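Each remark here refers to the structure printed beneath this line.
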Amino acid sequence: MDINHDGTITMAEIKDMCRKHDIDIMADVICKYLDDDGSGKINFDEFCAHYDMIQMARKSARLKQWHRTYGLGVAGNVAGHMEQAGEADKKEEGVDDKTTPPEGQKTPAAIFTFYAPHPHSVDESADEVLHRLEAFPVATAVIEYPKAGGHVQVEPEMGMYADIVYSADGSKVERLVPRKVAAFNDCSIRKLDGADKLSMKKNWGSSSKGISIRSFPITSLDPGTLVDQLVLTSYIKSGPNHVNDAITTPKGAIVKYSEDAPARNYMLFGPALLDWIVDRINFQEDTDKWEPVFPVMKKSEYPTSIWVALGAGEYTEWGQKNFLQPGDESLVIIYDEKKYPNGPSELEVAALMDEYPAPDGIIAVHQTFV
């Protein structure tokens with residue numbers, strides 16, 4: 001928030017934060033709470049003392065944006081990614097026998113739920129699975145390092161927001177209607193004792209995922225539309241307490257974490273991917289590390305919209321061999337290759353790490369592991 005790095009935050013900057021998070025209505029109350037001496041600004045110590053208010057406001061903004069919205073991930077939609085992540089099995093990247101993509105088209109491994117909104121009916125009782133998945137995990141500035149498990153990795157992904165259209169009798173999802181895409185951090189625990197389902201490694205509570213505030217509006221995933229020119233990439237900045245893993249990394253260094261990945265190069269993309277996701281929502285069964293999805297959506301009382309993480313990019317050598325630690329920073333970027341044919345420059349990446357606004361043609365989510 002302290003863009004000019006002068007050690008203080010003005011109430012104008014607080015109001016700008018509220019505007020960006022679409023919570024303008026809370027701005028005056030927050031400023032009154034923070035600026036108790038009427039000086040119009042606060043220093044770092046005062047900000048930390050009142051951080052609970054900032055945290056509450058940001059979480060309220062996210063919950064508002066995710067009202068009646070489901071969270072879903074696609075696993076194995078980039079060739080080789082699940083092997084890199086240590087999550088592959090013999091079924092990964094095969095031709096699915098229950099869907100009908102173009103003949104011979106490989107499909108992703110499966111889908112998984114990372115967030116199921118709490119049902120609103122007063123007489124609705126949540127079962128164990130819903131209780132585990134209804135913890136709201138999405139943040140924009142921090143990732144809370146998990147208390148259990150280890151080998152934490154960022155999964156840089158393109159997130160797609162879509163309307164959900166159900167059948168008239170409510171027995172299935174009929175289609176998804178894309179509305180926008182955002183940069184998404186599907187952060188994951190690679191080693192967690194007793195985790196026999198992938199979703200158990202995906203949501204460990206508040207601030208275990210990340211999404212960009214800004215997004216690109218879309219109307220479809222059809223070839224020739226905006227999504228065809230969007231490219232996903234990511235970077236890590238090693239923290240002050242970073243302990244080197246397989247590759248020595250100077251503290252404070254910015255390293256490339258995943259290769260540049262055009263969305264059009266997903267294993268399955270476009271209308272075929274949407275159809276496959278709908279099919280998996282309706283018919284995926286409880287097998288191996290995968291779980292049924294539609295029964296959870298019903299227990300969530302038919303969410304009206306959905307964010308889908310469409311698949312993670314391929315890690316660089318550094319990304320594959322190193323794991324994230326408290327103090328490290330992650331940056332997931334989606335850029336328009338027509339405006340940035342060579343991707344963002346080193347200076348632009350460094351500026352995004354310093355929380356400067358993303359330029360036109362770039363959306364990004366920058367988070368610190370705490």
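Rule-based calculations on the coordinates, nothing more; no lab input. Because the structure is a prediction, the values reported are computed rather than measured. Every residue, glycine among them, receives a Cβ derived from its backbone with ideal geometry; neighbour counts consider all protein chains shown.
If you build a Gaussian network model of the chain, linking Cα atoms that sit under 10 Å apart, which residue out of 206, 345, 220 swings the most? Taking springs between Cα atoms under 10 Å, the residue moving most is 345. Under a Gaussian network description of the chain, with springs only between Cα atoms under 10 Å, the residue in 356, 145, 335 that fluctuates furthest is 356. Report the residues of segment 329-370 in range of a label on residue 241: point 7 Å along Cα→C-beta, backbone N strictly under 15 Å from it. Within reach of a label on residue 241, which here means backbone N under 15 Å from a point 7 Å along Cα→Cβ, segment 329-370 contributes 329, 368-370. For residue 180, nonlocal amide neighbours, meaning residues 5 or more places apart or on other chains whose placed amide H falls under 5 Å from its own, are 161, 218.
Here 192, 352 are placed in order of increasing Cβ neighbour count within 10 Å, fewest first, which gives 192, 352.
For segment 302-342, the gyration tensor built on C-alpha atoms gives an oblate shape. Its axis ratio a/c (a ≥ b ≥ c) is at least 1.5, and a/b is not larger than b/c. Each of 113, 308, 282 was placed along the dipole of the chain (beta-carbon charges, centred on the mean Cα), and the one lying farthest toward the positive end is 282. Compared with the dominant Cα axis of the chain, that is its longest principal axis, helix 271-283 is turned about 80°.
Legend: ranking of residues 8, 69 from fewest to most surrounding C-beta atoms inside 10 Å; resulting order 8, 69.
Once you charge only the Cβ atoms, +1 for Lys and Arg and -1 for Asp and Glu, what is the size of the charge dipole of the chain about its Cα centre, to the nearest 20 debye? Don't jump to the answer; show the numbers that get you there.
Details: 38 positive and 58 negative charges, 40 e Å.
Value, rounded to 20: 200 debye.
Amide H contacts under 5 Å for residue 114: 71, 72, 73, restricted to partners 5 or more places along the chain or on a different chain, H placed in the peptide plane at 1.01 Å from N. By other beta-carbon atoms within 10 Å, ranking 304, 219, 140 with the fewest at the front produces 219, 304, 140. Centre-to-centre separation between the Cα atoms of segment 202-248 and those of segment 259-297: 19 Å.
In the chain, what % of DSSP beta bridges are antiparallel (nearest 5)? Restricted to the chain, the bridges split so that about 85 percent are antiparallel.
With a cap of 11 neighbouring Cβ atoms within 10 Å, and only residues DSSP puts in a loop, list the trypsin sites (Lys or Arg not before Pro) found in segment 202-275. Before the final figure, lay out each step's value.
On the way: sites: 202, 209, 214, 237, 251, 256, 264; in loops: 202, 214, 251.
Those that pass, being in a loop and sparsely packed, number zero.
Taking the Cα centre of segment 1-65 as origin, work out the dipole magnitude from +1 charges on Lys and Arg Cβ and -1 charges on Asp and Glu Cβ, in debye rounded to 20. It would help to have the intermediate numbers written out before the result.
On the way: 9 positive and 13 negative charges, 96 e Å.
It comes to approximately 460 debye.
Could you tell me the distance between the Cα centroids of segment 319-359 and segment 52-79, to the nearest Å? Each part reduced to its Cα centre gives a spacing of 20 Å. Distances between placed amide hydrogens fall under 5 Å for residue 152 paired with 190, 324, all partners being 5 or more residues away or on another chain.
Nearest 500 deg cm²/dmol is fine: what mean residue ellipticity at 222 nm does the chain get from its DSSP H runs of n ≥ 4 alone, each adding -39,500 (n - 2.57), divided by its residue count?
Values: 10 runs with 82 residues, N = 370.
Computed ellipticity for the chain at 222 nm equals -6000 deg cm²/dmol.
Against the compact-protein benchmark of 2.2 N^0.38 Å, the Cα-based radius of gyration of segment 1-65 scales to 1.04.
The phi torsions of segment 299-307, fed into the Karplus equation with coefficients 6.51, -1.76 and 1.60 and a -60° offset, translate into couplings of 5, 7, 6, 6, x, 8, 8, 8, 9 Hz, rounded to whole numbers, with Gly and Pro shown as x.
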